[in-house]
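Some notes on the structure that comes next.
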Amino acid sequence: MELNRRNFIKFVVGGAAGIQMTPLPWKLTDDIAIWTQNWPWVPVPPVGEFTHVKSICNLCPGGCGIEVRKVDKRAVKIEGRTDYPVNPGGICPLGMGGLQLLYNESIRFTRPMKRVGPRGSGKFMDITWEEALNILAARISTLRKNGSPEALAAVDGNPIRSTMSLLIERLFKAIGSPNYVRIPTIEDTFGMASLLMQGTDGPMACDLENADYILSFGSGLSNTASKADQWVAAKPGTEAALALGLCHVIIKEGLYDTRFVNDHCFGFNDWSSANGKDHIGFKTMVLDSYSPDKAGQITGLAPGDIVSLAKEFAGAKAPVAICGKGKGALNGSLYEFMAVNSLNALVGNINRPGGVLVRDPLPLNPLPEVELDEIALQGLEKPRLDLAGSMKHPFTHSLINNFTKAIIDSSRSLVDTLLVFSANPVHTIPDGGSFRKALKKIPFIVSFSPFQDETAYMADLILPDHTYLEKTEDFIWPAGLQYPLYGLSQPVVEPIYNTKNTGDVILDLAKRIGASIGSAFPWSRFEEVLKERVKGLFDSAGGLVDHDGSTPAWQRQKEGGELNPDYKSFEEMWKKIKSTGLWYRPVHTYKTREVLFKTPTGKFEFFSSKIELAVNALSEKGSLDTALCDMAISGKGDEVFMPHYETTKYDADRSVYPLLMMPYEMINLASGWVPTPPFLNKSLFDTQLRGDESFFEINPGTAADYNLKQGDRAIIKSPEGKVRARANLSEGAMPDIIYMPLGFGHTAYDEFLQGKGVNPNDIVCAGKDPLSGLPVWWNTPVRLIKL
């Protein structure tokens, strides 16, 4: 009998009565126990004192508080903290399995190394830290001496606004390279939508606990959808049309907040600009183009369902509309985010309890300005390879898809040296394998990953970071949290291997490159940089560094009142933060709408002035049609400057590729740059992973069209490639759409991860999101071939 998850349960429970009289089960149990205890990542504590260490988990964007139980010096269990406001006592499966990432030597780099085998083979030899740092410093110094600092590039997966990401970006600025590229996340899309409509790109802040009606877009085939009171299954990628269809009903029925719209919004009604040009407003556009019938045709929903949903939403006391796909590590569509936020504006639930709160970033101290030498100044004048911030992409800070394409399309090597931080783009970027192709054209690659991941296997030099349980780092305001929060992790164990905190490595590297670079990094340890930034929190209005859990932070914020800091001096505050890992401020000034919005009009903008200015500026270089084409916008007229529905364009013949493939994330499977703890494989059902084969979700009706039955094998083929998986028939899957889980298909790590299932990113045809230019990773055209 195959010993899979389901049969193991049958064996223990269903078969217990029949074999209980023999010694067989006890012998098997004993043998299995001995075998599993030999795994290096299974906690085997010595006899010693029990202690607990509090810290922060960084394995996903949630930033949960954790408490690690230790026996003597060995960590043996991770639990959620009840004295941390983000996750009062709770923790996800990935967070619970973190010790297996700490102690599993077969997936970690244990010391600095340099490549000795072919790229991608994972063959390295040990070197000292001194040798490794000198190799990299000499290479960067040579680029600067040759007048080409821009040939140095970085891919950074550290959280946005974190001190680590700022330090890396600072290094590149001092050296003179503009090619600092980030892994895209939901915060990129939300920040742009907030900037264009509210005038600030501050952090996401949604007061969900105080809302009485939550409308969540983009949560199909997810735990959120399964636990909802009502699941409205729109076609993936049509969420903007649904949001605007709801707006149509709310406006037509007069259910919107007229006071907020009239007093604090711009572009709702038709209007005329200063030069006498007439413009249609959001109201006219929505009423003309997004009736329930038209929205229903796009989304696949019944018009009556759209009408009833809109009335329910508008009739609630504190409704809030949110959007995003997955766990927050994936970017979304800019016009979609704007359309969803329009719903919040229509019901006036912006900067009110239970709504979307407009927040400024945490008041952390900025680092001192970098004094640039002539080499750096000349390098920074060169255009970015990804064209982020250019006239074509004026609101986007980083575009890894453009970066990849520029390298592949060039006849020469545009990047001489690439540094990769906290990222595994070979596996996680939805580009059909394009990033791997780009790496082959880069002469020298350096990975700072603590893990033996796919990107690190392509590297020439390994400078391994500590894992999150071995170092101090900060966590800046988890996405979606409604109050300001600063988290600070601390080491729960001493470093197990010969690894170093990447922050300390950067400080050392800067001084080795040269005096002009080293002077921009006056700190001797990374913790000093953290402390300097935290001083800004002390100088602000004040906050709290202790949370006893008796009153939830969201409840305290709603109740209001004065907040008295629980510290008197900065040194006391810093000492407490290092102990509790926490600074937060659960207070908010509601309804200050007269001074709230920082847009050009000083109001919430349905009609974005910034988009209009950007399009007009690019049009001056050619024509309006050319400008819109360069921005991948298919809309026409004034709708370009307002939320509207855009279809994704692919270079694929839909008669050949009639289905769509939608990747999705699972809570018990790591889909970002960190590997999945091996024990989590046992939490997977055999309709998700059986042996080495993963499954795709497909509607029974669509499966019947291809004569597919449960468990049948098939090839999913796109213009970018093909993968092989097994069918899981599910009524929850939309007809004509194939759903594939992210996190499988590794070609690196150990036997528990390597070769398990397939990676849908390998066949994604990454389109461009209109206006933002970010990669579109959803709805790849595919065909299905039964085996």
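The values are calculated or read from the model by the stated rules, or taken from the named source; none is laboratory data. The structure displayed is predicted, hence computed values, not measured ones. We place every Cβ from the backbone using ideal geometry, glycine too, and count neighbours over all the protein chains shown. For the accessible areas, the whole protein counts, side chains as well, though only heavy atoms, and no ligand, DNA or RNA atoms are used. Shrake-Rupley method; radii C 1.70, N 1.55, O 1.52, S 1.80 Å.
General remarks:
- Within straight-line reach of LYS440, meaning a Cα separation under 12 Å, sit the following aspartates and glutamates at least 8 residues removed in sequence or on another chain: ASP416, ASP460.
- Partner aspartates and glutamates whose Cα lies under 15 Å from the Cα of LYS173, excluding those fewer than 8 positions away in the same chain, are identified as GLU150, ASP156, GLU369, GLU371, ASP373, GLU374, GLU381.
- Over 26 Å (Cα to Cα) - which of LYS70/LYS568; LYS252/LYS558; LYS252/LYS768; LYS471/LYS531 fall in this group: LYS70/LYS568; LYS252/LYS558; LYS252/LYS768
- With both residues required to sit in the chain, DSSP beta bridges show an antiparallel share near 60%.
- Paramagnetic reach from SER390 in the stretch 405-439 [backbone N under 14 Å; point 7 Å along Cα→Cβ]: 405-410
- Site pair GLN555 and THR601 shows an inter-label distance of 4.1 nm when each label is modelled 7 Å from Cα along Cα→Cβ.
- With all protein chains modelled, accessible area of LYS578 [1.4 Å, Å²]: 80
- Averaging 1/r over each pair of different alpha-carbon atoms in the chain and inverting the result gives 27.9 Å, the Kirkwood hydrodynamic radius.
- Per-pair calculated FRET efficiency, R0 = 25 Å: VAL656 and ALA704 via Cβ, rounded to 0.05: 0.75
- Annotation: extensible slack from ASP263 through ALA318 equals 17.8 nm (criterion: 0.36 nm per residue apart, minus Cα-Cα distance).
- Residues of the stretch 313-346 with amide N under 16 Å of a point placed 7 Å along Cα→Cβ from GLN230: 313-322
- Calculated mean residue ellipticity, 222 nm, the chain: -8500 deg cm²/dmol, from DSSP H runs (n ≥ 4) at -39500 (n - 2.57) each, averaged per residue and rounded to 500.
- Extension reserve of the LEU613-ASP409 stretch, reckoned as 0.36 nm per residue once the Cα distance is removed: 70.4 nm
- If the segment from SER634 to THR687 were pulled out straight at 0.36 nm per residue, it would be longer than the present Cα-Cα gap by 15.1 nm.
- Considering only the stretch 188-361, percent of DSSP beta bridges that pair antiparallel, nearest 5: 35
- DSSP assigns beta bridges within the stretch 637-787; of those with both partners inside it, close to 65 percent run antiparallel.
- Accessible surface ranking that places the most exposed of GLU336, GLU494 first, with a 1.4 angstrom probe: GLU494, GLU336
- Most to least accessible of THR626, THR396 (protein chains only, probe 1.4 Å): THR626, THR396
- Rounded accessible area per residue of the stretch 340-480, 1.4 Å, Å²: 31
- Within the full protein context, the accessible area of CYS629 is estimated at about 100 Å² for a probe radius of 1.4 Å.
- Spacing of the modelled spin labels on ARG525 and LEU208, each 7 Å from Cα toward Cβ, amounts to 3.7 nm.
- The calculated FRET efficiency for the pair LYS123 and LYS73, based on their C-beta separation and a Förster distance of 41 Å, comes to about 0.80.
- Relative contact order [Cα under 8 Å, 6+ residues apart], the stretch 659-786, whole percent: 35
- Normalised contact order of the stretch 188-361, rounded percent, pairs of Cα under 8 Å and 6 or more residues apart: 40
- Ranking by accessible area, most exposed first, for ARG74, ARG111, ARG726 with a 1.4 Å probe: ARG111, ARG74, ARG726
- Prolate is the label for the stretch 51-136, because a/c, from the alpha-carbon gyration tensor with a ≥ b ≥ c as root eigenvalues, is 1.5 or above and a/b exceeds b/c.
- With all protein chains in place and a 1.4 Å probe, the accessible surface of the chain carries 52 percent carbon and sulfur.
- Taking all protein chains as they are arranged and a probe of 1.4 Å, the heavy atoms of VAL358 leave approximately 20 Å² accessible to solvent.
- Computed from backbone phi with θ = phi - 60° and the Karplus coefficients 6.51, -1.76 and 1.60, the 3J(HN,Hα) list for the stretch 674-684 is 8, x, 7, x, x, 4, 5, 4, 6, 8, 8 Hz; x is used for glycine and proline.
- Rel. contact order, % - alpha carbon contacts under 8 angstrom, at least six apart, the chain: 18
- Spin-label model distance (nm) - GLU130 vs ASP548, 7 Å beyond Cα toward Cβ: 5.4
- The packing ranking, built from the mean of other Cβ atoms within 10 Å per residue, places the peptides 609-616, 411-418 in the order 609-616, 411-418, highest first.
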